[in-house]
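Right, one structure below, let's go through it.
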Amino acid sequence: MNSLEIRNGINHLNDSDPVLKRIISHAQLCSLKPRKNYYPSLIQSIISQQLSVKAGESIYKQFSAYFGKNVSPVHVAATPVEKLREFGLSNAKAIYVKDLSEKILSNQLSFKNISKKSNDEIISELTKVKGIGIWTAHMFLIFTLGRLDVLPVGDLGIKNAIKKNYRLKELPNESQIAALCKKKKWKPYQSIASWYLWMSLEL
């Protein structure tokens, strides 16, 4: 994803969805872009699962303070679960980050040529790691790889934003979100639509 694609996406969404057009007019410019910090990004996503943004950031701050900026699978894999729990990780999440590290070290998971792989291929590989489900894979595709057309239908923030902005009485389910996406023609810019929906919760 680059600045031209973001601008094209904004123009497309402005034309196809009046609700998103209103949100876009009040929000800052979408800041999604590809990043190379694949491993730390997945660690942070695992830590943040089912937590508030503030809580997730607090735990990851302690985690990264211990391991340093250049956190590596070697160091995390060698760290006892008990030590990882001292940073605020649950027992399950400590096991998950160790499993991620071990799978990278054993080449069961590789980031080589990841930019050339399809979204479905990446999701299939990531979800082989304990604790990484569709939600974490979607966050990785959007915020780390900067993929343009990802719709995290299971994300609570997206559900709350749709309920708020489209004036629904209840939170939409995944099928309803997919139907709204089709009706409002968010493709092929679903990631940008999702980003602005998240931003709308702060407006």
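Every number here is computed from the coordinates shown, using simple stated rules; none is lab data. Here the structure is a predicted model, which means the values were calculated and not measured. Neighbour counts are summed over all protein chains in view; Cβ atoms, including those assigned to glycine, are modelled from backbone coordinates with ideal geometry.
Overview of results
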read-out: Kirkwood hydrodynamic radius of the chain, Cα pairs, Å; value: 18.0 Å
read-out: Dipole magnitude of the stretch 38-144 about its Cα centre (Cβ charges: Lys, Arg +1; Asp, Glu -1), debye to nearest 20; value: 120 debye
read-out: Solvent-free Debye scattering, log10 I(q)/I(0), computed from the Cα coordinates of the stretch 103-203 at q = 0.13 Å⁻¹; value: -0.50
read-out: Signed unit charges on C-beta, dipole axis of the chain, positive-most listed residue I158, Q176, I6; value: I6
read-out: Distance from the stretch 1-44 to the stretch 152-191 (C-alpha centre basis), Å; value: 16 Å
read-out: H12, H26, H138, H75 arranged by Cβ crowding within 10 Å, fewest neighbours leading; value: H26, H75, H12, H138
read-out: Loop trypsin sites (Lys or Arg not before Pro), the stretch 105-193, which have at most 12 other Cβ atoms in a 10 Å radius of their Cβ (DSSP); value: K112, K128, R167, K169
read-out: Filter on K112/K185; K61/K93; K83/K130 - keep pairs with C-alpha separation over 23 Å; value: K112/K185
read-out: Length-normalised contact order of the stretch 54-141 in % [C-alpha pairs under 8 Å, at least 6 apart]; value: 24 percent
read-out: Where labels lie 7 Å past Cα in the beta-carbon direction, separation of L105 and K130 in nm; value: 1.4 nm
read-out: Eligible aspartates and glutamates near K21 by straight Cα distance, threshold 13 Å, same-chain separation 8 or greater; value: none
read-out: Eligible aspartates and glutamates near K116 by straight Cα distance, threshold 16 Å, same-chain separation 8 or greater; value: E125, D149
read-out: Cβ-derived FRET efficiency at R0 30 Å, A65 paired with N119, nearest 0.05; value: 0.35
read-out: Helix runs (DSSP H) in the chain reaching 27 Å along axis by Cα, Kyte-Doolittle at least 0.5; value: none
read-out: Listed pairs K36/K182; K159/K182; K159/K183; K117/K163; K98/K187; K159/K184 exceeding 27 Å between Cα atoms; value: K36/K182; K117/K163; K98/K187
read-out: Per-residue [θ]222 nm for the chain (sum of -39500 (n - 2.57) over DSSP H runs n ≥ 4, rounded to 500); value: -17500 deg cm²/dmol
read-out: Amide H within-cut-off set for G146, under 5 Å, with H built and near neighbours excluded; value: R35
